[in-house]
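Note sheet for the following structure.
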Amino acid sequence: MPWHDLAACRGHIEVMVVPRSKPGRFPSREHRRRIAHAVAICHTCPVLTQCAAYADDLAAAGTPVTEMVIAGREPRSLDHLRRQHA
């Protein structure tokens, strides 16, 4: 069975997608709440380590992940990770 079939977010991926704030604006309270909720789901996940490796692979490949929480990492931290690998 693939690791992602065991993910806590399986079937609820829409919760993990957190659209960006408008440029030049601070994230709204709702935006921060959605990120916190998604991160909380990640912290209950039995395959968090495998998901983190997947996020690292995405960053190394230069794939931008700017609107989704992956492996408990906020979109901002994922984008920073991608730039580090570039």
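Please treat every number below as a calculation from the coordinates, not as lab data. Here the structure is a predicted model, which is why all the values come from computation and not from measurement.
General remarks:
- The slack in the chain from VAL17 to THR49, taken as 0.36 nm per residue of separation less the alpha-carbon distance, amounts to 9.6 nm.
- Residues with amide H under 5 Å from that of MET68, placed H, sequence gap 5 or more: VAL18
- Note that the range 49-61 has calculated 3J(HN,Hα) couplings of 5, 5, 5, 4, 5, 4, 4, 5, 5, 4, 5, 5, 7 Hz, one per residue in order, obtained from phi through the Karplus relation 6.51 cos²θ - 1.76 cosθ + 1.60 (θ = phi - 60°); glycine and proline are x.
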